[in-house]
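The values are calculated or read from the model by the stated rules, or taken from the named source; none is laboratory data. Values in this document were obtained by computation on a predicted structure and should not be read as measured data. Cβ placement follows ideal geometry from the backbone for every residue including glycine, while neighbour counts extend to all protein chains displayed.
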Amino acid sequence: MSTATNDVKPEVKMVSVTIEGRTTSVPEGTTIIEAAKTVGVLIPHYCYHPGLPVAGVCRMCLVDVEKFPKLAPACATTVMEGQVVSVHSEKAREARKGVLEFLLINHPLDCPVCDQSGECELQDYTFQEGRAESRYEEPKRFNPVEDFGGDVLYVPNRCILCTRCVRFMGDVVEEPVLNVSERGDRAFIGKAEGHDLTDAWAGNVVDLCPVGALLSKDFLNKARAWELDRSASICTGCSQGCNVTVETRDNTVVRLKPRSNTAVNHFYLCEQGRLDYRWINRRDRLDQPKVRVDGEWRTVDWEDALDAAAAALAGKRVTVLASPNCSNETLFLAERMIARQGGSGVFRVMLGAEAPLRGVEDLSLRAERAANATGARLLGYADLAQGAPIVNANDVLLVLDDVLEGELPTALTGMMSSGAIVVHVGTTLPAVLEGRAQVALPTTNHTEEEGTFTNLRGRVQRFLQARTAPGLARPSWYVMSDLVERLGAGEGRYMASAVFDQLAATHASFAGLSYATLALRGLPVIDAAERDVLAPTVAV
Amino acid sequence: MAIRVKVLERPIEQVSYIRSTLSGLANTFRHMVDPHKVTMQYPEERWDLSPRWRGTHRMLTNETGKAKCVACGLCPTVCPANCIKLVPGEDEEGNRFPLIFEIDEFRCIFCGYCQEVCPEEAIHLGRHYENAEFSREAFVYDLERLTAQTHPVSELWDPADPKGE
């Protein structure tokens, strides 16, 4: 595995190179292609990927290095002191033009129907420096489309044999089911007999493929790349906290893509996280605040609903049943409420099988299938599996976006049947609360609001808004902030960042963090003594 | 009080209408026998349209009668009036095909960019001008309507032959 250039240790010797007239200093052993990135020069490449071993097969990254007799592949040549590299010299451009012409010999002209169109590196580089017209007159090679299993479809005609997928399956997933079969112009990506791309991480070959040869069946023919709106977010599939890009078309999430973060998920996203996005678009959302009057639901204004909720909560012990997918901000405000009113907070987390990505350290589909159970633990919430809190008949049960679907554990049904007043704050109104809750306040899900999650290593990461909220739904931290203010447990905050600042000022483990310092890569919570809280052993 | 109008005394040659009437009738009779006609006998007679006339759209079909469109999404992208709605999907054979293809002819500014950008030569502007409908909704042409049109399609401007000769 090659490491990214920004993980520099101080004792490493630095060398200075000049690339395209710009001089930079990079650690010894850096390749020219990575050194060029530091000065903002993108050297065209296909087979090179920072997360994979260097192969040097595509010959696209040929650059002109002073005093070298021949052009050098930038991905496989390490920099040397005083080297002068020219990426766009006449000689280098001519060579890359030739490479592109060869790649296009058998590449079909089907960009209009190709899913990769718009985010295709072959398209981009051909447009940038390729020939405008083809000189090839013979018939093109044809191979039928093959289903690679899992979510992957292989279109051999479009393949440029960069072998990124082969190296990913071999060196990162460590399950070498792909290979290059045949030779010359008959070569294609072959799959080992009887094996499919069913590994939990195999779907990454679709993102790695620079052209439209490996396609996601789920995304097939659904949208064009240029129609999508993209926002930075965090996957809520498990407690790993993989950085993702939420891609929406007409306010509907159509795809999740991994967002590179070398501290968390590198360049990858598992199948579970990638395909489990349809719930985000669900239509049966709670979209208006409702209050139960004489046993009947009545849709009311936000002010009236908040007053009703505050009246129900005032002066009573409160038990918060929080979803572990709530943001730190929301959980913090609920915790403020508990601190003021007395009571306790619990969360319920689904467990599943763990699926590590073997070639990458500390990257796995975690057993805990929720984004922010760690944040909940840090803020004093207890796991329901470790014992249910006692709920008295004159308490209030605040259900904070727990969907209450599936078979409910007895601890939970015990809490529900205690006779306590139920206030529901969430994205949907669960069927079990339909006849039970007193007030229902609609909130947005994590793609419709801003906030932070804490992953299982205690890294606090921001997510941004990607869609608009349905109906009158408000961000959950905003609703909680209004409630907290009405109950006299704190001042209302009107920015997610302000809530987070308050959280950082209140809880020692979040001290010193803010939205500005977190940026889009996140930062770990400071206290190493809280390791036990952060990574409890989960038996599955 | 009665309104008093000042009447000017003029010579009879100036106030008589007979001379003007006769001169008008003379003009009328001259045009009756003049072979150069200005009025066109619509609808029996129609205008000859320029080959590059840009009227309402038509979607061309392949040999099997299906629209040539592959839902590549270039026309809604290039459309400056945002009048094309396209939802891509797959047809029975698994090929890329528009599930919904609608053109709002009210919004359309007939620039012809959609025809120019189409890689499959599927969507065309039409060489016709009769578009009357009984409802506003009928001006949103769906795929069925677009493929059912039979009028000739407009030709693109050829830079090598700018005057169309």
Query raised in the report: Does region A:106-127 contain any residue that is part of a helix (DSSP H, G or I), more than 24 Å from residue A:52 (Cβ to Cβ) and more than 14 Å from chain B (Cβ to nearest Cβ)?
Result: yes
Query raised in the report: Which one is nearest to residue B:118 (Cα to Cα) among residues in region B:49-64 that are β-branched (Val, Ile, Thr) and surrounded by fewer than 20 Cβ atoms within 10 Å (Cβ to Cβ)?
Result: B:61
Query raised in the report: Within region B:15-36, is even one residue out of contact with any Gly (no Cβ under 7 Å at 6 or more places or on another chain), part of a loop (DSSP other than H, G, I, E, B), among the basic types (Lys, Arg) and away from chain A (no Cβ under 14 Å)?
Result: no
**Report entry** Residue check, residue B:134 of a type in the set (Phe, Trp, Tyr), exposed (fewer than 13 other Cβ atoms within 10 Å of the Cβ), in a loop (DSSP other than H, G, I, E, B) and without any contact (Cβ under 8 Å) to a residue 24 or more places away in the chain
**Finding:** yes
Query raised in the report: Only one of these conditions is not met by residue A:51: (1) buried (at least 23 other Cβ atoms within 10 Å of the Cβ); (2) modelled with pLDDT under 95. Which number is it?
Result: (1)
Query raised in the report: Being farther than 23 Å from residue A:49 by Cα and acidic (Asp, Glu), is that true of even one residue in region A:223-241?
Result: yes
**Report entry** All positions within region A:162-187 that are buried (at least 19 other Cβ atoms within 10 Å of the Cβ) and either of a type outside the set (Val, Ile, Thr) or in contact with a Gly (Cβ under 7 Å, 6 or more places away or on another chain) (or both)
**Finding:** A:162, A:164, A:165, A:167, A:168, A:169, A:172, A:173, A:178
Query raised in the report: What residue, of A:204, A:179, A:221, is over 17 Å from residue A:358 (Cβ atoms) and more than 14 Å from chain B (Cβ to nearest Cβ)?
Result: A:179
Report summary line: Counting only residues that are facing chain A (nearest Cβ under 9 Å), of a type in the set (D, E, K, R) and within 31 Å of the chain's Cα centre (by Cα), region B:78-95 contains a total of 0
Query - Matching residues in region B:64-76 - criterion: being in contact (Cβ under 8 Å) with a residue 12 or more places away in the chain and within 13 Å of another protein chain (Cβ to nearest Cβ) - result: B:68, B:69, B:70, B:71, B:72, B:73, B:74, B:75
Query raised in the report: Failed condition for residue A:149, given (1) away from chain B (no Cβ under 14 Å); (2) on the phi > 0 side of the Ramachandran plot; (3) touching a helix residue (DSSP H, G or I) at 6+ places or on another chain (Cβ under 9 Å), with all others met?
Result: (3)
Query raised in the report: Could you say whether any residue in region A:241-250 is under 20 Å from residue A:119 (Cα atoms), away from chain B (no Cβ under 14 Å) and not β-branched (Val, Ile, Thr)?
Result: yes
Query raised in the report: What are the residues in region A:20-38 that are under 33 Å from the mean Cα position of the chain (by Cα) and within 26 Å of residue A:98 (Cβ to Cβ), if any?
Result: A:31, A:32, A:33, A:34, A:35, A:36, A:37
